[in-house]
Amino acid sequence: FWWCDMALLIHMLACAFGLGSWVAVNGLWVELPLIVNALPEGWELPSYLTVIIQLANLGPLLVTLMHKLCPGRLKEHVVIYSILTIGALSCILLAFFWDKTTVVAGASHSTAFFIITFFLSLVDCTSSVTFLPFMMQLPAKYITTYFIGEGLSGFIPGVVALAQGVGMAKCVNSSQSYLPPNFSSSVFFFILAAMMCVSMAAFVALNRLPQTYELSSEKLVPHTVASISYGLDNPASESDGGGVKHQGEGAVQNSPLLAGPKHSMYQLAFIYVLVVWVNAATNGLLPSVQSYSCMPYGNLAYHLSAALASVANPVACTIAMFFQIRSLVFLGVLTVLGTGFGSYNMAMAAMSPCPLLQGSVVGETIIVLSWLFFTGTLSYVKVMVGVILRDRSHSALVWCGAAAQMGSLVGSITMFPLVNVFRLFESGDVCNTECPL
């Protein structure tokens, strides 16, 4: 049963490979509560981050254009090596230069942080259109393991951030003094770099597995396994083996799956509206003002909101793997519920620096739980909508991705001027802001 041990090894490698998909961006979000007080942009920093991440979608756009204009010429294993290398180096550079500032137009700005963040976002966004196609060379069971690793790319940074702590802020003579966290932001970014290196090592191993192991795995699963050593050099490998259909999330199929349910045009329109709205809320509208909704309650509330929300995302995705409720009514109700939590978060941001129940444990608990349930409920909706459209056809899944990107872009672009130009959200100083009772 030596091939059973090899199957277990491939599961572990697939999981480790998925770890590098979104670990950098997820790590940045959970570290914001610590760095937002150190960088000159202050509470406006999250709104900059959302726009930078959307600009980084240039990466997957270029990859997609290469596939369309020059089919078969893009060496995707080279692209994966490149982006993982850039990701690891960017995390290391971030550890050294995240707090370095330059003067632009007479004001101090976090130029180094923004530039490095762009490259990290470019890495993570491009992984969406390169990692999964590579994994499609393997049987479907390994793709499931890959998605578990992708979920861990959000879970592990959140857990590390919780272990890091947020330090302690004290008011001394109307000014804040900070006790440091358990370890610095630089150490945190080095941990992210290590995770990127683990992902690269896993990819190297997957890319160099002997073909004898691949052939032996045919005894375990009824799939024809394309040679992993091909990478994606052979585009036809995805459809080899007498019409074998891989069942991963990004499976390349142009015809609807036989098991796919029928939906009317109105139902499809409703599904795509859900996709646009949920992604606009979770990737643009609310993240842009998280600092304004949480910071008035203190650094600890912001820290817990960011870290636990990062953990809630993969947990919700894992729940969706085992408890799949495809009812559009249920998903609609869950979206309304998540939007309700998001509305509370937005309202507290609009009331900054004096939100409801400020200075009380009840207020801090409510804002943390509100962010937790906002992320968890809408993450479940995103996964289930993707499952529904995946089972319909490959083209439906492609349009799902396009709708998700459109929603994220609209949400980010909408909030950026509201935060940075019109100044509709007000930051404050915990030690000097006087709020009415």
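Looking at the stretch 351-364, is at least one residue among the charged types (D, E, K, R) and within 20 Å of the chain's Cα centre (by Cα)? Checked against the condition, which is being among the charged types (D, E, K, R) and within 20 Å of the chain's Cα centre (by Cα), the stretch 351-364 yields no hits at all. Scanning the stretch 298-312 for residues that are out of contact with any Leu (no Cβ under 7 Å at 6 or more places or on another chain) and open to solvent by 10 Å² or more (accessible area, probe 1.4 Å) yields Gly298, Asn299, Leu300, Leu304, Ser310, Val311.
Here His77 clears all of (1) buried (at least 21 other Cβ atoms within 10 Å of the Cβ); (2) in contact with a Gly (Cβ under 6 Å, 6 or more places away or on another chain) except the condition numbered (1).
When Gly407 is tested against (1) more than 26 Å from the chain's Cα centre (by Cα); (2) open to solvent by less than 10 Å² (accessible area, probe 1.4 Å), just one condition goes unmet, and that condition is (1). So, Thr50, is that one crowded, with 22+ Cβ neighbours inside 10 Å and part of a helix (DSSP H, G or I) or not? Spelling it out, Thr50 is indeed crowded, with 22+ Cβ neighbours inside 10 Å and part of a helix (DSSP H, G or I). Just to verify a result, which residue in the stretch 346-392, among those that are among the small types (Gly, Ala, Ser) and open to solvent by less than 10 Å² (accessible area, probe 1.4 Å), is nearest to Ser427 (Cα to Cα)? Among residues in the stretch 346-392 that are among the small types (Gly, Ala, Ser) and open to solvent by less than 10 Å² (accessible area, probe 1.4 Å), the one nearest to Ser427 (Cα to Cα) is Ser352. Close contacts from the stretch 349-370, counting a first residue that is farther than 17 Å from His303 by Cα and a second that is of a type in the set (A, V, I, L, M) and open to solvent by 60 Å² or more (accessible area, probe 1.4 Å), with Cβ to Cβ under 7 Å and a gap of 6+ residues or different chains, come to Leu357/Ile366. Quick check, is Thr85 among the hydroxyl-bearing types (Ser, Thr, Tyr), open to solvent by less than 40 Å² (accessible area, probe 1.4 Å) and either assigned by the TED database to the domain that holds Ala112 or assigned to a helix (DSSP H, G or I) (or both)? Against the criterion (among the hydroxyl-bearing types (Ser, Thr, Tyr), open to solvent by less than 40 Å² (accessible area, probe 1.4 Å) and either assigned by the TED database to the domain that holds Ala112 or assigned to a helix (DSSP H, G or I) (or both)), Thr85 does not qualify.
Here is a check on your reading of the model: is Ser237 in a helix (DSSP H, G or I), open to solvent by less than 10 Å² (accessible area, probe 1.4 Å) and at pLDDT below 50? It is true that Ser237 is in a helix (DSSP H, G or I), open to solvent by less than 10 Å² (accessible area, probe 1.4 Å) and at pLDDT below 50. Select from the stretch 114-141 the residues that are assigned to a helix (DSSP H, G or I) and over 24 Å from Leu62 (Cβ atoms) and write down the one among them that is most open to solvent (accessible area, probe 1.4 Å). Out of the qualifying residues, it is Lys141. Cβ-Cβ contacts under 8 Å between residues 6 or more apart (or on different chains), taken from a first residue in the stretch 23-51 that is not assigned by the TED database to the domain that holds Ile86 to a second residue that is assigned to a loop (DSSP other than H, G, I, E, B) and surrounded by 23 or more Cβ atoms within 10 Å (Cβ to Cβ), are absent. Just one of the listed residues (Ser199, Ser217) is open to solvent by less than 20 Å² (accessible area, probe 1.4 Å), assigned to a helix (DSSP H, G or I), modelled with pLDDT under 95 and of a type in the set (Gly, Ala, Ser), namely Ser217.
Read through the list (1) within 21 Å of the chain's Cα centre (by Cα); (2) within 15 Å of Pro287 (Cβ to Cβ), then give the number of the only condition that Leu334 fails. Of everything listed in (1) within 21 Å of the chain's Cα centre (by Cα); (2) within 15 Å of Pro287 (Cβ to Cβ), Leu334 misses just condition (2). Identify, from the list Gly59, Gly72, the residue that is in contact (Cβ under 8 Å) with a residue 24 or more places away in the chain, out of contact with any Leu (no Cβ under 8 Å at 6 or more places or on another chain) and either in a loop (DSSP other than H, G, I, E, B) or within 20 Å of Met196 (Cα to Cα) (or both). Selected residue: Gly72, the only one of Gly59, Gly72 that is in contact (Cβ under 8 Å) with a residue 24 or more places away in the chain, out of contact with any Leu (no Cβ under 8 Å at 6 or more places or on another chain) and either in a loop (DSSP other than H, G, I, E, B) or within 20 Å of Met196 (Cα to Cα) (or both).
The values are calculated or read from the model by the stated rules, or taken from the named source; none is laboratory data. If you're wondering where the values come from, they're calculated on a predicted model, not measured in any experiment. A quick note on method: Cβ atoms are made from the backbone with ideal geometry, for glycine too, and the neighbour counts reach across all protein chains shown. Ligands, DNA and RNA are excluded from the accessible area calculation, which covers all protein heavy atoms including side chains. Shrake-Rupley method; radii C 1.70, N 1.55, O 1.52, S 1.80 Å.
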